[in-house]
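Taking it in order: structure first as structure tokens, then the write-up.
The values are calculated or read from the model by the stated rules, or taken from the named source; none is laboratory data. These numbers were taken from a predicted model, which means no experiment stands behind them. Here the Cβ positions follow ideal geometry from the backbone for every residue, glycine too, while neighbour counts run over all protein chains shown.
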Amino acid sequence: MEKIAVITSGGDAPGMNACLKSVVEMSYNYGYECVAFRRAYKGIIDNDYFTITKDDVKNIFNLGGSMIYSARCEQFLDIEYKKIAVQNLNKLGVKALVVIGGNGSYLGAKSLVDLGVNVIAIPATIDNDVHSTSDSIGFDSAVNNATNMIDNIRQTMQANERICLIECMGRHGGNIALYSAMASEADIVAVPEDPLDKAHIYRFIQDQLNYGNRSPTIVVAEKQYDIFQLSREIQRDFNHECRAVALGYMQRGGSPTVKDRMLAIRYGVSAIELIDKNKFNFAIGLRDDKIIATPIDKAVKMHSNFRQDLYDSFKLLNNPRNKK
Ligand code: F6P
């Protein structure tokens, strides 16, 4: 039996397990054996794999996390370790490797392609910053998690007339912050794609207070500010109570939404169909709700898929100066 290998890589994302399940089931349906490497590229270097069966994946569809573990692998930046990984894959006689992960994992996939390995990449990251697709597995779940939490926080802030700073995940991209800020009717969003300095944030807060909003909500993507320090400064400078909340890993865990489960199935099915047709080295994705396949070398060079149009709408809606 020919073998298809699979890894889940990078920060985990709700729906990775669902995608793993569809890859495993499709592999056997098409007459392949499926092997899973634990801990992504690290597992390939360490030759830490097992034959994963339909039985193994029976009960994982709706679970967050990854049953085969996900990891980032520093070692994999080193060409010597990449060569070991290639040797291990070749020794095992793998027809193709399915990489389920985000843009860092895509770079790893591309380097394996350069060394002669057949790869198919599937986008799975809560950040939705894989540029060759409109939708990554896990993003919708993370945004729903964040939105629910921001809704709750806003209610208690309103009751106590407090300003609030809420930090979402997304160190390089502001998609989670933007979508969850819009969906929870927050007042201000700060994303790395349009960095706001403290003076900007102060002006926005002052505008909100001037227009009678006693509990402005500011949603920020992580790594831009020390939100706890900033909240103390806001409280002091506006003489108005302010609180800071980092949503952290509560965004990344939990069951995948319906949207992410559907993506997981569609991407998994398409990956094995491509491999079965001997079409390799593509990144699977979605555009206008249609499955697309972009050559990996092109996918890793594409520009940001930050939704500037949504960001512009958000700013128009929330600028009290625009209100007559
Ligand atoms: O890539 C997904 C992500 O959750 C980012 O939003 C976040 O910045 C990062 O991973 C956190 O990574 P780690 O869990 O390794 O600290």
Item to check | In region 11-25, the residues that are out of contact with any Pro (no Cβ under 7 Å at 6 or more places or on another chain) and of a type in the set (A, V, I, L, M, F, W, C) | outcome: Ala13, Met16, Cys19, Leu20, Val23, Val24
Checklist outcome for this item: Counting only residues that are in contact with a strand residue (DSSP E or B) (Cβ under 8 Å, 6 or more places away or on another chain) and buried (at least 20 other Cβ atoms within 10 Å of the Cβ), region 45-71 contains a total of 5
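Is it the case that region 140-149 has a residue that's under 15 Å from Tyr41 (Cα atoms) and β-branched (Val, Ile, Thr)?
Step one: filter region 140-149 for residues under 15 Å from Tyr41 (Cα atoms), giving none.
Checked against the condition, which is being under 15 Å from Tyr41 (Cα atoms) and β-branched (Val, Ile, Thr), region 140-149 yields no hits at all.
Mind checking whether some residue in region 223-232 is of a type in the set (A, V, I, L, M) and either under 20 Å from the mean Cα position of the chain (by Cα) or modelled with pLDDT under 95 (or both)? Spell out the reasoning first.
Initial filter on region 223-232 (of a type in the set (A, V, I, L, M)): 227, 230.
Keeping just the survivors that are either under 20 Å from the mean Cα position of the chain (by Cα) or modelled with pLDDT under 95 (or both) gives none.
No - not one qualifying residue is present in region 223-232.
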Next on the checklist: Looking only at region 171-194, filter to residues that are away from the ligand (no atom under 16 Å from the Cβ) and assigned to a loop (DSSP other than H, G, I, E, B); which one of those is farthest from Gln158 (Cα to Cα)?
Outcome noted: Asp194
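Check Arg252, Arg307, Arg266 and return the single one that is closer than 26 Å to Thr147 by Cα, without any contact (Cβ under 8 Å) to a residue 40 or more places away in the chain and touching a helix residue (DSSP H, G or I) at 6+ places or on another chain (Cβ under 9 Å). Outline the logic, then answer.
Working: Arg252 fails: without any contact (Cβ under 8 Å) to a residue 40 or more places away in the chain; Arg307 fails: without any contact (Cβ under 8 Å) to a residue 40 or more places away in the chain.
Of Arg252, Arg307, Arg266, the one residue that is closer than 26 Å to Thr147 by Cα, without any contact (Cβ under 8 Å) to a residue 40 or more places away in the chain and touching a helix residue (DSSP H, G or I) at 6+ places or on another chain (Cβ under 9 Å) is Arg266.
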Checklist outcome for this item: Among (1) surrounded by fewer than 17 Cβ atoms within 10 Å (Cβ to Cβ); (2) of a type outside the set (A, V, I, L, M); (3) not in a loop (DSSP other than H, G, I, E, B), Gly108 falls short only on (1)
Item to check | Given (1) over 20 Å from the mean Cα position of the chain (by Cα); (2) under 18 Å from Pro256 (Cβ atoms); (3) surrounded by 17 or more Cβ atoms within 10 Å (Cβ to Cβ), number of the condition Phe76 does not satisfy | outcome: (2)
Checklist entry - All but one of (1) surrounded by 20 or more Cβ atoms within 10 Å (Cβ to Cβ); (2) more than 18 Å from the chain's Cα centre (by Cα); (3) away from the ligand (no atom under 15 Å from the Cβ) hold for Lys42; which doesn't? => result (3)
